[in-house]
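Trainee: Below is a structure I'd like to ask you about.
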Amino acid sequence: MTKGRSVSTAGAPHGRRRNGLVRFGRWLRYRFVVPVKRSRHPPQYTARGVAVGLFWAMTPTVGIQMMFVLANWLVVRRFAPRWDFNVIHAMAWTWVTNFATVLPSYYMFYVTGQLLLGRWDDLTGYEGFIKLWDAGTAGDRTTDYLPGAVSAPDVYYDVIVAGWGLAMLVGCPPYAIVAAWIGYVWSLKLVVARNRLIARKRYGQDPKDPMRTGRPNPDRGPDGGKGRRSG
């Protein structure tokens, strides 16, 4: 008889799920949160990039979102430069909706759009939506659940624009606007808080203007109080 405690494998599936969630959370943090915190640009510039990325993420344009972000950026730089934003951050945040989340997102847009259009009797459950999607995108010209926007633009048009396009286009703006607003407020607070933390560690006091720079406030002494004026 072998001495010692036996190793239990009952908790192995739970442990694997937990490790998977931890890895996924770490991936989200390093892909989305860390670049925002490490940005050397003014907080508003970074926050606008996050907002624009989330706005286009919450639209039925998965596969071509980054092209819309680029076009958005070029238009802003040309006609409204004071609203310029970090295009790299914006493109990164469009991946909030991706191959794993595209169908739930599209279904959410579709149902909301149908309700807003008054089509209460023309709704379908999620499983029915998946079957309709599979039927609409069947063929060799598609990639999983995402229409081949590059390889087969006609499939993308038939399914997204001519098929459920109106309902999804009507249903997505509320989510796009709310997501952009939340992203802007959250990222702005995150960067401002980081500027304050860096200034306190480096200079022992709050920054002069956490919205623009991490330099200390010249009107305050090292202890954070009002500095003495030379007279």
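The values are calculated or read from the model by the stated rules, or taken from the named source; none is laboratory data. Just so you know, these numbers come straight off a predicted model, no measurement behind them. For neighbour counting, all protein chains shown are included, and Cβ atoms are generated from backbone atoms with ideal geometry for every residue, glycine included.
Trainee: Within the stretch 186-197, how many residues turn out to be touching a helix residue (DSSP H, G or I) at 6+ places or on another chain (Cβ under 8 Å) and under 22 Å from TRP83 (Cβ atoms)?
Mentor: Number satisfying all stated conditions: 7.
Trainee: Of all residues in the stretch 62-113, which are touching a residue at least 24 places away in the same chain (Cβ under 8 Å), in contact with a helix residue (DSSP H, G or I) (Cβ under 6 Å, 6 or more places away or on another chain) and among the β-branched types (Val, Ile, Thr)?
Mentor: Hits for the stretch 62-113 are VAL62, VAL69, VAL87, THR94, VAL96, THR97, THR112.
Trainee: For the subset of the stretch 180-205 comprising residues that are among the small types (Gly, Ala, Ser) and within 25 Å of the chain's Cα centre (by Cα), which member is farthest from ARG40 (Cα to Cα)? Let's see the steps before the verdict.
Mentor: First, pick out the residues of the stretch 180-205 that are among the small types (Gly, Ala, Ser): 180, 183, 187, 193, 199, 204.
Adding the requirement that they be within 25 Å of the chain's Cα centre (by Cα) leaves 180, 183, 187, 193.
Working: ALA180: 21, GLY183: 18, SER187: 13, ALA193: 13 Å.
Ranking the candidates gives ALA180 first.
Trainee: Determine whether the stretch 81-104 contains at least one residue that is surrounded by 13 or more Cβ atoms within 10 Å (Cβ to Cβ), more than 27 Å from TYR45 (Cβ to Cβ), at pLDDT below 85 and aromatic (Phe, Trp, Tyr).
Mentor: yes
Trainee: Tell me, please, whether a residue that is modelled with pLDDT of 55 or more, more than 21 Å from the chain's Cα centre (by Cα), surrounded by 15 or more Cβ atoms within 10 Å (Cβ to Cβ) and not in a helix (DSSP H, G or I) can be found in the stretch 153-172.
Mentor: Checked against the condition, which is being modelled with pLDDT of 55 or more, more than 21 Å from the chain's Cα centre (by Cα), surrounded by 15 or more Cβ atoms within 10 Å (Cβ to Cβ) and not in a helix (DSSP H, G or I), the stretch 153-172 yields at least one hit.
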